[in-house]
Amino acid sequence: MGLTARENFLRNASFEGHEWIPQQVCISGAYWREAREALEEICLRHPVLFPGFQKGKTNFDAGIRKSDQRRVVDAWGCTWYYEIDGLDGQVIAHPLADWKSLDGWKAPQPPVFDEKKRGDLRARKSRGELATCYTEHGFLFLRLGYLRGFDNLLLDMALGEPRLDELVDVIMGFWQRAIGPYVQAGVDLVCAADDLGTQTASMMGPKHFRRYLLPAYSKLFKPARAAGAHVQMHHDGYVMDIIDLIIESGVSIVNPQDLANGIDNIAREVKGRACIQIDIDRQKVLPYGSPADVRELIKEEVMKLGSPAGGLTMIVGIYPPTPLANVEALFSAMEEFRTYWVGR
């Protein structure tokens, strides 16, 4: 009998052998709005990547915002503006831009972990699916920037602002209360997301990562690892200068972007140390290369980063202006090379 998706993912993440490379395709709302039925037909031709996908079930126009929905205040008091339908927004007003506001500010309460959520975890496992819990995108470093403003945050780190430690503790206390019950309930995977890199360097060097982020991440990640859960972390941009510290914090599945970090660099610095969830290029090859270029990229990543023991997963986001021919080539290549290492 073959492995379930859950068994295959966990064996792969633990370097215990796998039957296929776990793969995830994330199609943006902006791309669905643009490609519509033509994209739907491509998805229907690739049931391996889209099991259960049905014609006519996708709302191509989901995510369209009315004018009064473009400016939104979140639970932390940060004001977001959404310029483009189907894409994320940006924070345009920061409630703690002035430290004087900290005294009257309160963090939100985390969602209650109830018996329904506990039952959902058990049900997913019984169906052979991963039991997963998630932080929001930008759960610590970005949240600090959302609250303080990016320039203010970097100055806080550089100048050793003592109130920054207090704010870090408040945010991490929220996530410990939010994620802790899932870990205690036996979740398989904790997924965290905090963009950490620019195109060419991390947003903070190892010194400030070790000072502010490593202790905070460790408070959340290491108890999850001790309880037997894997920790997967999204961290956009170049992170090779802090990748050792990311792994040290307890992350067992790292998520480097391929071309921003360099495939050979990732192979040298990470392969065998942590499972790699490679983030497939969406800036150069996928939108502007040829279908042959797309296939060669997938082949190169599988051959250089994979192994018979596992240790490689793949994720890709699809956005305008990606040609449909490249999407077809991408899906075909992912299916073609997903079992490359099996039996080798």
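The values are calculated or read from the model by the stated rules, or taken from the named source; none is laboratory data. Predicted model only: the values in this text are computed from it and were never measured. Neighbour counts are summed over all protein chains in view; Cβ atoms, including those assigned to glycine, are modelled from backbone coordinates with ideal geometry.
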- Going by the structure shown, is Ala267 touching a residue at least 24 places away in the same chain (Cβ under 8 Å) and within 30 Å of Ala35 (Cα to Cα)? no
- Does at least one position in region 153-165 carry a residue that is of a type in the set (A, V, I, L, M), farther than 14 Å from His208 by Cβ and assigned to a helix (DSSP H, G or I)? no
- When every residue in region 205-252 that is touching a strand residue (DSSP E or B) at 6+ places or on another chain (Cβ under 7 Å) and on the phi > 0 side of the Ramachandran plot is compared, the one surrounded by the fewest Cβ atoms within 10 Å (Cβ to Cβ) is Gly237
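Being outside any loop (DSSP other than H, G, I, E, B) and touching a Gly at 6+ places or on another chain (Cβ under 8 Å): is that true of Ile298 here?
Numbers: outside any loop (DSSP other than H, G, I, E, B): yes; touching a Gly at 6+ places or on another chain (Cβ under 8 Å): no.
So Ile298 fails the test.
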- Tell me, please, whether a residue that is closer than 30 Å to Asp156 by Cα, charged (D, E, K, R) and touching a residue at least 40 places away in the same chain (Cβ under 8 Å) can be found in region 113-129. no
- Among the residues of region 274-290, write down those that are assigned to a helix (DSSP H, G or I) and either closer than 21 Å to Ile21 by Cα or of a type in the set (A, V, I, L, M, F, W, C) (or both). Val285, Leu286
- Does region 301-318 hold any residues that are within 21 Å of the chain's Cα centre (by Cα) and not in a strand (DSSP E or B), and which are they? Glu301, Val302, Leu305, Gly306, Gly310, Gly311
- Query: Would you pick out the residues in region 187-212 that are of a type in the set (Val, Ile, Thr) and closer than 16 Å to Ile247 by Cβ?
  - Reply: Val190
- Condition check for Met233: more than 20 Å from Leu147 (Cα to Cα), in contact with an Asp or Glu (Cβ under 8 Å, 6 or more places away or on another chain) and part of a loop (DSSP other than H, G, I, E, B): no
- Message: Cβ-Cβ distance below 7 Å, separation of 6 or more or different chains: which pairs start in region 1-24 with a residue that is surrounded by 15 or more Cβ atoms within 10 Å (Cβ to Cβ) and end on one that is among the aromatic types (Phe, Trp, Tyr)?
- Response: Asn8/Trp20; Pro22/Phe9
- Inside region 286-344, can you point out the residues that are surrounded by 21 or more Cβ atoms within 10 Å (Cβ to Cβ) and among the charged types (D, E, K, R)? Glu301, Arg338
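Kindly indicate whether any position in region 182-195 is under 22 Å from Ala97 (Cβ atoms), in the same structural domain as Phe141 (by TED's automatic domain parsing), surrounded by 21 or more Cβ atoms within 10 Å (Cβ to Cβ) and at pLDDT 95 or above.
We begin by selecting, within region 182-195, every residue under 22 Å from Ala97 (Cβ atoms); these are 194-195.
Cutting the leftovers down to in the same structural domain as Phe141 (by TED's automatic domain parsing) gives us 194-195.
Filter once more, so that each one left must be surrounded by 21 or more Cβ atoms within 10 Å (Cβ to Cβ): 194.
Keeping just the survivors that are at pLDDT 95 or above gives 194.
There is at least one residue in region 182-195 that is under 22 Å from Ala97 (Cβ atoms), in the same structural domain as Phe141 (by TED's automatic domain parsing), surrounded by 21 or more Cβ atoms within 10 Å (Cβ to Cβ) and at pLDDT 95 or above.
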- Every residue from region 319-344 that is of a type in the set (D, E, K, R), under 22 Å from the mean Cα position of the chain (by Cα) and outside any loop (DSSP other than H, G, I, E, B): Glu335
